[in-house]
Amino acid sequence: MSETTTPQQLRASIGGGFGPCNVARWVDGKLIWEHFENNVLCRSQEIEVTEAQWLSFWATCDKVDIWSWEERYENPNILDGTSWRAHVEHGEKSVDSSGSNSFPESFGTWMTAVRELVGDDRFQ
């Protein structure tokens with residue numbers, strides 16, 4: 001797999017403090033999926049990602065223009081709930097965006113692409 005296909009940085013996370021949380025992160029050339037329940041690590045798994053899967057993921061990132069997402073999305077009217085982060089660096093492009101109970105319009109499409117990388121529908 002070429003270095004142009006894989007990310008320089010990738011961290012995708014979603015969850016809540018009182019429920020499940022999923023994290024996908026790129027570490028030392030490997031994609032790691034971690035699943036937490038009530039802040040306790042329940043599962044950590046190294047994921048094999050094909051070049052075709054990476055190409056599909058990058059196409060989705062470009063399609064939803066993740067690169068122009070705002071730094072922070074927040075709904076101050078909800079005190080607990082869903083938090084998320086998208087920190088991605090690929091080639092010349094990068095984004096570090098996060099939120100609490102508020103999401104960019106294309107967030108759902110991007111999360112589907114992350115689930116496809118991880119290969120498990122429980123990443124949500």
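The values are calculated or read from the model by the stated rules, or taken from the named source; none is laboratory data. Just so you know, these numbers come straight off a predicted model, no measurement behind them. Here Cβ is always computed from backbone atoms with ideal geometry, including for glycine, and neighbour counts include all displayed protein chains. Please note that ligands, DNA and RNA were not included when accessible areas were found on the heavy atoms of the full protein model with its side chains. Shrake-Rupley method; radii C 1.70, N 1.55, O 1.52, S 1.80 Å.
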Exercise. Scan Thr60, Thr50 and give me the residue that is touching a helix residue (DSSP H, G or I) at 6+ places or on another chain (Cβ under 6 Å) and within 18 Å of Thr6 (Cα to Cα).
Key: Thr60
Exercise. Could you please let me know if Ala24 is touching a helix residue (DSSP H, G or I) at 6+ places or on another chain (Cβ under 6 Å), of a type in the set (A, V, I, L, M, F, W, C) and either within 19 Å of Lys93 (Cα to Cα) or not in a loop (DSSP other than H, G, I, E, B) (or both)?
Key: yes
Quiz item: Out of all the residues in the range 106-120, is one or more at pLDDT 95 or above, charged (D, E, K, R) and not in a helix (DSSP H, G or I)?
Solution: no
Practice problem: Output the qualifying pairs, or none if there are none: Cβ atoms under 9 angstrom, residues six or more apart or on different chains, first residue in the range 25-36 and farther than 19 Å from Ala113 by Cβ, second residue of a type outside the set (A, V, I, L, M, F, W, C). | Solution: Gly29/Thr6; Phe36/Gly15; Phe36/Pro20; Phe36/Asn22; Phe36/Arg43
Self-check item: Pairs where the first residue, in the range 62-73, is in a loop (DSSP other than H, G, I, E, B) and the second is not small (Gly, Ala, Ser), C-beta under 6 Å, 6+ apart
Solution: Val64/Thr109; Val64/Trp110; Trp69/Val95; Trp69/Pro104
Practice problem: Considering only residues that are hydrophobic (A, V, I, L, M, F, W, C) and more than 14 Å from the chain's Cα centre (by Cα), look in the range 48-86 and name the one that is surrounded by the most Cβ atoms within 10 Å (Cβ to Cβ). | Solution: Val49
Quiz item: Within the range 28-38, can you find the residues that are surrounded by 11 or more Cβ atoms within 10 Å (Cβ to Cβ) and either assigned to a loop (DSSP other than H, G, I, E, B) or of a type in the set (A, V, I, L, M) (or both)?
Solution: Leu31, Ile32, Asn38
Quiz item: Just checking, which of Leu10, Leu79, Leu41 is among the aliphatic types (A, V, I, L, M), part of a strand (DSSP E or B) and without any contact (Cβ under 8 Å) to a residue 24 or more places away in the chain?
Solution: Leu41
Self-check item: Selection count where residues are more than 19 Å from Lys30 (Cβ to Cβ), touching a strand residue (DSSP E or B) at 6+ places or on another chain (Cβ under 9 Å) and either open to solvent by 30 Å² or more (accessible area, probe 1.4 Å) or in contact (Cβ under 8 Å) with a residue 60 or more places away in the chain (or both), scope the range 87-100
Solution: 2
